[in-house]
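> Quick one: this structure, given as structure tokens, is what I'll be asking you about.
The values are calculated or read from the model by the stated rules, or taken from the named source; none is laboratory data. From a predicted model like this one, the values you see are computed outputs, not experimental measurements. No Cβ is skipped: glycine too gets one built from the backbone with ideal geometry, and neighbour counts run over all protein chains shown.
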Amino acid sequence: MEKLRVSANGLKPTLVMIVVQMSFSAMNIFYKLAAMDGMNLNILVAYRFLFAAAFMLPLALFVEGNKLMKLTWTILSQTFVSGLVGASLAQTFYLRGLAMSSATFAMATTNLVPVMTFILAVSLRSEKLGWDRAAGKVKVLGTIVGVTGAMILTFYKGPCIDIWNTHIDLLKNGISHEEHPRLIQLLGIFLCFCGSFCYALWLTVQAKITKRYPFPYTSIALMNVVASVQCTIFTLCLERDWSQWKLGFNIRLFTAAYSGIGASGVAFTMAAWCVQMRGPIFVSAFNPLTVVVGVFAASLLLDEKLHLGSVLGGVIIICGLYAVLWGKSNEMRKVDQLHALPVKSCNNQTKPVTG
């Protein structure tokens with residue numbers, strides 16, 4: 001029974017990250033719908049973090065209100081950077097790129113997040129490479145395999161696979177991404193790439209924050225407050241037409257509320273908890289899963305064609321993700337074994353090492 005409980009606890013971060021990536025995939029679809037409905041992207045980002053701050057701040061005060069006294073100027077400065085790179089810049093770049101390219105291509109640019117996070121985490125010593133151990137080698141190999149699968153999914157189409165005929169196109173009244181000039185699409189992919197780099201940097205910064213301040217509700221709430229102030233001021237400087245700020249009971253309101261509460265609130269808190277439990281590389285390894293879910297969702301809801309390359313790339317991504325999870329679980333097992341080793345005290349009595 002004890003082994004079963006430990007196994008369930010070890011599986012929990014994996015299940016949490018699957019839910020996080022599914023929520024991000026749904027958010028990408030709603031983003032595209034809001035953009036095609038004519039919603040200003042800067043205003044959408046501002047509303048997202050206003051909703052997130054309004055939701056997370058009371059929740060953090062209720063759950064971790066007694067932890068506010070442990071805040072330091074170092075934590076607050078890191079939170080400011082976290083809000084800037086992980087929220088304001090990441091979402092501004094990504095939404096701009098999403099409007100200029102297809103939903104599939106926009107999500108596919110996130111396939112480089114694991115590699116970026118790996119380099120940043122090792123360079124900033126948030127995690128060790130562990131190349132001298134089998135688990136470390138498998139973890140690196142799994143990251144490369146996952147990125148390779150995402151590249152295949154993105155750049156190789158192959159024969160069309162018509163496994164369902166939903167004929168649902170939620171963008172049928174909007175502008176198709178194929179009507180954009182090629183140069184605009186390339187610029188959109190580049191902006192999405194910049195957004196992915198900012199997200200990878202956020203994961204690394206969040207790992208630093210959790211070591212000093214292991215309270216995910218409060219740290220994410222503060223991040224959203226900072227991001228809401230930054231994005232609102234930035235948007236007010238650019239958008240003076242107040243009619244654009246009006247939200248009716250439509251896709252614009254739903255997208256702003258869902259992306260704020262569901263993604264920046266709940267999903268980011270879950271991701272921050274997983275960073276605390278397993279590190280930034282573990283969390284970033286799930287990013288290609290967003291591409292897999294997003295491609296199938298786009299084929300179902302946006303009438304984008306499903307091709308052999310999508311299925312093949314998805315299978316390779318899952319294999320790479322499994323390799324990363326196996327390597328990470330072995331590293332965690334080694335750490336637990338080291339903590340359980342007995343040590344000798346000064347009077348030569350053996351005592352167990354406790355965490």
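> Determine whether segment 84-106 contains at least one residue that is in contact with a Ser or Thr (Cβ under 9 Å, 6 or more places away or on another chain), under 22 Å from K211 (Cα atoms) and in a helix (DSSP H, G or I).
So far as segment 84-106 goes, yes, one or more of its residues are in contact with a Ser or Thr (Cβ under 9 Å, 6 or more places away or on another chain), under 22 Å from K211 (Cα atoms) and in a helix (DSSP H, G or I).
> Across segment 62-83, what is the total count of residues that are assigned to a helix (DSSP H, G or I) and in contact (Cβ under 8 Å) with a residue 24 or more places away in the chain?
14
> How about segment 251-303: which of its residues are at pLDDT 75 or above and outside any helix (DSSP H, G or I)?
G279, A285, F286
> Now, a different point. Of the residues S228, S219, which single one is within 22 Å of R278 (Cβ to Cβ) and either not in a loop (DSSP other than H, G, I, E, B) or not aliphatic (A, V, I, L, M) (or both)?
S219
> So, one more: Could you please tell me which pairs satisfy a Cβ distance under 7 Å, a separation of 6+ or placement on different chains, a first residue in segment 189-206 that is within 17 Å of Q78 (Cα to Cα) and among the aromatic types (F, W, Y), and a second residue that is assigned to a helix (DSSP H, G or I) and modelled with pLDDT of 85 or more?
Y199/G86; Y199/A90; W202/S82; W202/V85; W202/G86; W202/A90
> From the list A35, A90, A54, which residue is of a type in the set (A, V, I, L, M, F, W, C), under 23 Å from I251 (Cα atoms) and surrounded by fewer than 20 Cβ atoms within 10 Å (Cβ to Cβ)?
Only one candidate passes the filter, namely A54.
> When segment 252-267 is examined, which residues are found to be of a type in the set (A, V, I, L, M) and surrounded by 17 or more Cβ atoms within 10 Å (Cβ to Cβ)?
A256, A257, I261, A263, V266, A267
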